[in-house]
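Before any comments, here is the structure.
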Amino acid sequence: MLPGRTLEFVGAKHVLALTRSENSMPHSYTVMICVSPGKFPPVLFLTLQEDKGVLGPIVKRAMYKTRNLHVIASTSGKMTEQLLIEWCEKVFFPHMHHYCIFLAEFWPTFADEDVVEEIKPGELEYEIITIPPKVTSQIQPLDVLCFRMYKGYFRKISNWIFLNDQPGQVHHRDLIIKLHSLIYQQFTSPRFQNLIEQGWHLSGYINKSFTSVNPTEFSFDGLTGHCDHDSCSRSLLLKFGWCKAPLCFHHFRERYHFCKMYLP
């Protein structure tokens with residue numbers, strides 16, 4: 001989610017960088033986003049990197065609990081075949097009915113179709129279509145439009161944390177969980193529904209074009225005024241995608257503003 005680069009004059013032989021935690025730099029995690037039918041499911045699958053590949057009992061007890069994330073771990077922070085099975089069971093299949101065509105990227109994790117067939121509900125007719133290699137950025141609807149906006153949204157907030165020297169550190173487990181829970185909640189707003197349809201259009205699957213709202217532009221551009229909470233004089237961070245409330249970082253993240261009241 002964060003670019004691994006910094007700026008220096010052309011020709012510089014040594015480029016210095018500042019980080020709050022050197023140990024956090026090689027760590028990664030995977031956000032597994034899917035859509036069906038034309039909307040985001042209620043739960044987002046998040047794979048964290050843990051040395052032992054599991055979330056221990058102490059970590060599970062202390063970890064921040066959210067209603068819209070299914071959080072799991074692997075040694076690499078990436079999806080494995082076993083985690084794909086868990087994703088299918090916990091996130092994917094519970095929201096599929098009668099017939100499902102799964103448009104999947106060319107990814108080794110998705111290669112073993114028999115494993116998925118074994119765990120799918122008996123009444124569900126299921127077919128997987130794999131996108132050929134090297135064309136994902138052209139014909140995968142989420143890759144064409146939504147992924148870039150989701151990453152940009154996260155980067156806006158994380159950069160704001162750095163620039164304003166906030167106490168939260170974006171590599172910490174609880175902050176990662178909180179931010180992705182809140183950002184994913186933003187993207188499920190009816191305000192951004194046409195993003196998904198437009199992604200299918202830009203990928204060449206449908207002819208009709210849709211007018212869509214960019215979540216990052218809506219939330220961060222042209223912010224004026226004060227935080228929506230009484231007597232709060234903190235700097236604004238964003239405008240919430242559901243209720244349009246202008247919020248500071250404290251009332252967005254610390255108070256966990258998980259609003260589902262939609263104001264057009």
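Here, each number is a calculation from the coordinates, and none is a lab measurement. No experiment lies behind these values; they were computed from the predicted model shown. Note: ideal-geometry Cβ built from the backbone for every residue, glycine included; neighbour counts use all protein chains shown.
Where does the chain land at 222 nm, in deg cm²/dmol rounded to the nearest 500, when only DSSP H runs of n ≥ 4 count, each adding -39500 (n - 2.57), divided by all residues? The partial results should precede the final answer.
Details: 8 runs with 71 residues, N = 264.
When only DSSP H runs of four or more count, the value is -7500 deg cm²/dmol.
For the chain, calculate the relative contact order in percent as a whole number, restricting contacts to Cα pairs under 8 Å that are 6 or more residues apart. Each step should come with its number before you reach the end.
Details: 357 pairs, mean separation 36.5, N = 264.
Relative contact order, the chain: 14 percent.
Sequentially through region 54-65, phi angles give Karplus couplings (6.51, -1.76, 1.60; θ = phi - 60°) of 9, 8, x, x, 5, 4, 4, 5, 7, 5, 5, 9 Hz, Gly and Pro residues having no value and appearing as x. Each Lys and Arg Cβ is given +1 and each Asp and Glu Cβ -1; about its Cα centre, the chain then shows a dipole of about 1140 debye. With a cut-off of 14 Å between beta carbons, the residues surrounding GLY222 carry a summed charge of +1, where Lys and Arg count +1 and Asp and Glu -1. Toward the positive end of the charge dipole of region 22-215, with +1 on the Cβ of Lys and Arg and -1 on the Cβ of Asp and Glu, the farthest Cα among THR75, GLY53, HIS171 is that of HIS171. Residue-wise HN-Hα couplings along region 154-170, as the Karplus relation 6.51 cos²θ - 1.76 cosθ + 1.60 with θ = phi - 60° gives them from phi, are 4, 5, 4, 5, 5, 5, 4, 4, 5, 5, 9, 6, 7, x, x, 10, 5 Hz; Gly and Pro carry x.
Please work out whether region 48-162 counts as rounded, prolate or oblate from its C-alpha gyration tensor, where a ≥ b ≥ c are the square roots of the eigenvalues and a/c under 1.5 means rounded, while otherwise a/b larger than b/c means prolate and anything else oblate? Show your work: numbers first, answer last.
Values: a/c = 1.82, a/b = 1.21, b/c = 1.50.
Here region 48-162 falls in the oblate category.
Among the chymotrypsin sites (Phe, Trp or Tyr not before Pro) within region 90-148, which fall in a DSSP loop and have no more than 14 other Cβ atoms within 10 Å of their own Cβ?
PHE106
Where a ≥ b ≥ c are the square roots of the eigenvalues of the C-alpha gyration tensor, would you call region 222-264 rounded, which needs a/c under 1.5, or, failing that, prolate if a/b is larger than b/c, or oblate? Kindly include the intermediate steps, with their values, before the conclusion.
Working: a/c = 1.88, a/b = 1.29, b/c = 1.47.
Oblate, because a/c is 1.5 or more while a/b does not exceed b/c.
A dipole drawn for the chain from +1 and -1 charges on Cβ atoms has a positive end, and of THR216, GLY152, PHE249 the residue lying farthest that way is PHE249. Within the chain, antiparallel bridges make up roughly 35 percent of the DSSP beta bridges whose residues both belong there. For LEU103, the residues whose modelled amide H falls within less than 5 Å of its own, excluding neighbours fewer than 5 places apart on the same chain, are ILE129.
Cross-link pairs exceeding 18 Å between alpha carbons, from the set LYS65/LYS90; LYS156/LYS239; LYS156/LYS178; LYS78/LYS156: LYS78/LYS156.
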